[in-house]
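Where a number appears in this text, it was derived from the coordinates with a stated rule and is not lab data. This is a predicted model, so every value here is computed, not measured. Cβ coordinates were reconstructed from backbone atoms using ideal geometry, including for glycine residues, and neighbour counts include every protein chain displayed.
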Amino acid sequence: MNAPPKILVVDDTPRNVKLLADLLTVKGYAVMTAESGKEALTKIATELPDLVLLDVVMPEMSGYEVCQALRANSLTAMLPVIMVTALDPSVERVKGIEAGADDFLAKPINQAELLARVKSLLRVKELHDMVQAQAAELVGWNKNLEQRVQEQVEQMERLGRLKRFFSPQLAELIVAGGADDPLKTHRRDITVAFLDLRGFTAFAESAEPEEVMGVLREYHAAMGQIIMEHEGTLECFIGDGMMVIFNDPLPVADPQERAVRMALAMRGRFAQLSGAWRKLGYDIGMGIGIAQGYATIGEIGFEGRKDYGSIGTVCNLASRLCGEAKPGQILIPQRLLASIEDFAEFEAIGELSLKGFQRAVAAFNIVGLKG
């Protein structure tokens, strides 16, 4: 139930105060009274009324001065004020309007006119309060909207960042909170595939820059599509080299098999590309190395330029095997044999002395899929 409107009656004559208070109380209004301008301002400051009935002629502080003080205060600038006087209405009305009064009544007061004017001004105040409340609500909505837009912008920026490394589906899952933040440093057993081109340096020295960039665009586009199809994570690419990891940021049941099947798909697609390039005189091959082991993974770099990266012996091993691979070869260490021998055919290459490894590494070449 809404509280009745609160009206302050201000008059230095007690009889006038009682008359107005009784009339307004009977009509259902809550009435406050004051016998001077200073008392009125004090009560208004402590218990803000909805309307003020203000006598003009009072000792110490006139009704005009009270009205001017109300209008000078931002909290009461729109408070409805009806001025009441027994003086010449034609003169006092102008003064009252100049002081900021909303309406004017002459004594003796016509009760019907008083109630009509009170009702009218209270309706205006109610509309004003409604507009103010809606404005405040709108400010809150705008602030909330700005915050949501900012959050969405940040989310889109983060999504774009993650899509540089992960498949679109995985990037969206991470942003939506369906996966742990992959940029936080963590340690995991991963499978790493490293691939780069053979004969690319000689090609780049003899070909025009536009031709080199055209070949790289075709190569990156074709290999990138295959990486996404096998749900690999592109850790980085440097020129003609690309590094892909499996089992991070989301664990998968068969990272070794995924890596091998991806490598075989890459080799098949590259054969198509290189066939077209040979017709243009480009003699380019591709080698791949795959390894499995633990690595430390997360965000690396500095403020303004950060990337997702993995550090560990497994990454170096995949890179070194790739470096030893001849065009068309997919080299793996012995550790991977047990996890792929059921579906892939391979051949022994022998022991390789790899830079950064004290012992020779037994290497095998993936020939193809069984059957």
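Return the lysines within reach of Lys355: Cα separation strictly under 23 angstrom, same-chain partners fewer than 8 residues apart disregarded; answer none if there are no such residues.
Lys326
Which of the peptides 187-193, 126-132 is most tightly packed, and how do the rest follow, judged by the mean count of other Cβ atoms within 10 Å per residue?
Going by the mean number of other Cβ atoms within 10 Å, highest first, we get 187-193, 126-132.
Mind checking which lysines have their Cα closer than 28 Å to the Cα of Lys184? Skip sequence neighbours fewer than 8 apart in that chain.
Lys184 reaches Lys163, Lys306.
Kindly work out what percent of the DSSP beta bridges joining two residues of the chain are antiparallel, to the nearest 5.
Bridges in the chain that DSSP calls antiparallel: roughly 70 percent.
In deg cm²/dmol and to the nearest 500, what is the mean residue ellipticity at 222 nm of the chain if only DSSP H runs of at least 4 residues count, each as -39500 (n - 2.57), divided by the residue total?
-15500 deg cm²/dmol
Beyond 23 Å between alpha-carbons counts as too far, so tell me which of Lys279/Lys370; Lys18/Lys95; Lys18/Lys107; Lys43/Lys143 fall in that bin.
Where the Cα-Cα span goes over 23 Å, the pairs concerned are Lys279/Lys370; Lys18/Lys95; Lys43/Lys143.
Quote the charge dipole size of the stretch 6-134 about the Cα centre in Debye, to the nearest 20; the model charges only the Cβ of Lys and Arg (+1) and of Asp and Glu (-1).
The dipole magnitude comes to about 300 debye.
Please grab the % of Cα pairs in the stretch 178-369 that end up more than 24 Å from each other.
For the stretch 178-369, the share of Cα pairs beyond 24 Å comes to 39 percent.
Among the lysines, select those whose C-alpha is under 16 Å from the C-alpha of Lys119, and discard any that sit fewer than 8 residues away in the same chain.
Answer for Lys119, where 16 Å is the Cα cut-off: Lys6, Lys27, listed by chain and number.
Need one word for the stretch 53-163: rounded, prolate or oblate. Basis is the Cα gyration tensor (sqrt eigenvalues a ≥ b ≥ c); a/c below 1.5 gives rounded, then a/b vs b/c decides.
Verdict is prolate for the stretch 53-163.
Restricting to DSSP loop positions (anything but H, G, I, E, B) with no more than 13 other Cβ atoms inside 10 Å of their own Cβ, which GluC sites (Glu not before Pro) remain in the stretch 212-318?
Glu303
Wrap a convex hull around the Cα atoms of the chain, take a quarter of its surface area, and give that in square nanometres.
If I average the Cα hull's projected area over directions, I get 33.7 nm².
Please report, in Å, the Rg and the Dmax of the stretch 307-371, where both are computed over Cα atoms only.
Rg and Dmax of the stretch 307-371, Cα atoms, are 12.6, 41 Å.
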